[in-house]
Amino acid sequence: MFRVDIYLIEIKDWYYYDMAQQEDLFKKIISHCKEYGFVFPSSEIYDGLGAVYDYGQYGVELKNNIKTLWWKSMTLLHDNVVGIDSAIFMHPRIWQASGHVDAFNDPLIDNKDSKKRYRADVLIEDYLAKIEDKIEKEVAKAAKRFGDSFNAELYKETNPRVLGYKEEYQSTLKAFTKALTEGDLEGVRQIIIDKKIVCPISGTANWTEVRQFNLMFATEMGSTAEGASKIYLRPETAQGIFVNYLNVQKTGRMKLPFGIAQIGKASATKSLPVSSSSACESSNRWKCSSLWLRARR
């Protein structure tokens, strides 16, 4: 499956940046994009709506150019790839079957002092990454001290400080994996407390309880409130491709393998700082899925 997710602004390795500097950087980027007509904060005359942005006159032209280029390269240049445009509303049983209702969520934790919200699992992953960095720094210092005769693997296996870091890493990873596997949110929080993981903004460890936060947007469909049924805005564009593949195959007389491409809106909340346009409630998704026939013996 080929997938390209286009966001207006995206910075990789999100949580490995200093959060205060990161927010300041995004403010400058958004301000620059607004000044030159690429992005406007949505509903700005009414104080705006957090994490929601509108494309400006140049931003929409840039987006449309990219869409046109992507569509041509994915469909018009391939004889076995066609396009569809599925609805943003789908039957709730689709999301139940795909696992989105039960599993499409993040464990979130709030810092009471900074009022910032974080993904608890990412805080722990960041802590583990810092331990790895410490090990690499120790090895780098030793390599500089001993020169060409230095054996990095032997040093990692014998140096007391490195062994201490490795033991800390393994014990934390084991407890973290166990807590996630068992869905033990209190266990996840206890790791954060025990390892003295602090908020990047306030520098304190004054944390709330960890809560599961479903990332799908729910709404109701029906003519009356009493008879309305709960449905979700699609969190990804792929499901529209999957549930329509037989219709496409039959009406287009497609032979396997063939591909289906789609450009459309996908709505999902992001447990990221609201100053980020990557946390927008609805982003453009560009997807092409290939369907293959697997032979059975």
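Data for the structure
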| item | result |
| --- | --- |
| Inter-probe distance in nm under a simple model that places probes 7 Å from Cα toward Cβ, at Glu44 and Gln21 | 2.8 |
| Taking the C-alpha atoms of the stretch 106-175, convex hull volume expressed per residue in Å³ | 116 |
| Neighbour cut-off at most 14 other Cβ (10 Å), DSSP loop, chymotrypsin sites (Phe, Trp or Tyr not before Pro), the stretch 112-194 | Phe150 |
| Carbon + sulfur, % of accessible area of the stretch 28-90 - ligands and nucleic acids excluded, 1.4 Å | 59 |
| Fraction of alpha-carbon pairs over 25 Å apart in the stretch 86-203 - percent | 47 |
| Protein-only accessible surface order, largest first, of Phe242, Phe26 at 1.4 Å | Phe242, Phe26 |
| FRET efficiency estimate (nearest 0.05) - Cβ-Cβ, Lys265 to Ser223, R0 35 angstrom | 0.90 |
| The stretch 52-132: trypsin sites (Lys or Arg not before Pro) falling in loop per DSSP and having at most 14 other Cβ within 10 Å | Lys112, Lys115 |
| Within the stretch 37-90: Cβ-based charge dipole about Cα centre, in debye rounded to nearest 20 (Lys, Arg +1; Asp, Glu -1) | 220 |
| Under 18 Å from Lys34, Cα to Cα: aspartates and glutamates that are on another chain or at least 8 residues apart | Glu10, Glu23, Asp24, Glu44, Asp47, Asp54, Glu61 |
| Flagged links, alpha-carbon separation over 30 Å, of Lys112/Lys156; Lys72/Lys255; Lys27/Lys265 | Lys112/Lys156 |
| For Phe258, residues with placed amide H under 5 Å, excluding near neighbours | Leu291 |
| Radius 11 Å from Cβ of Cys199, net charge of other residues (Lys, Arg +1; Asp, Glu -1) | +2 |
| Neighbourhood charge, 14 Å Cβ-Cβ cut-off, centred on Gly59 and excluding it, Lys, Arg +1 and Asp, Glu -1 | 0 |
| Calculated from backbone phi, Karplus (6.51, -1.76, 1.60) coupling profile of the stretch 79-88 in Hz, x at Gly/Pro | 6, 10, 10, 10, x, 9, 9, 8, 6, 7 |
| Residue-span extension gain [Lys230 to Ala152] - 0.36 nm each, minus C-alpha spacing | 22.3 nm |
| Accessible surface of the stretch 187-259, 1.4 Å probe, proportion on carbon and sulfur as whole % | 53 |
| Amide H within-cut-off set for Phe213, under 5 Å, with H built and near neighbours excluded | Asp106, Leu108 |
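The values are calculated or read from the model by the stated rules, or taken from the named source; none is laboratory data. Predicted model only: the values in this text are computed from it and were never measured. All Cβ positions, glycine included, derive from the backbone under ideal geometry; neighbour counts span all protein chains shown. Areas reflect the complete protein model, heavy atoms only, side chains present, ligands, DNA and RNA absent. Shrake-Rupley method; radii C 1.70, N 1.55, O 1.52, S 1.80 Å.
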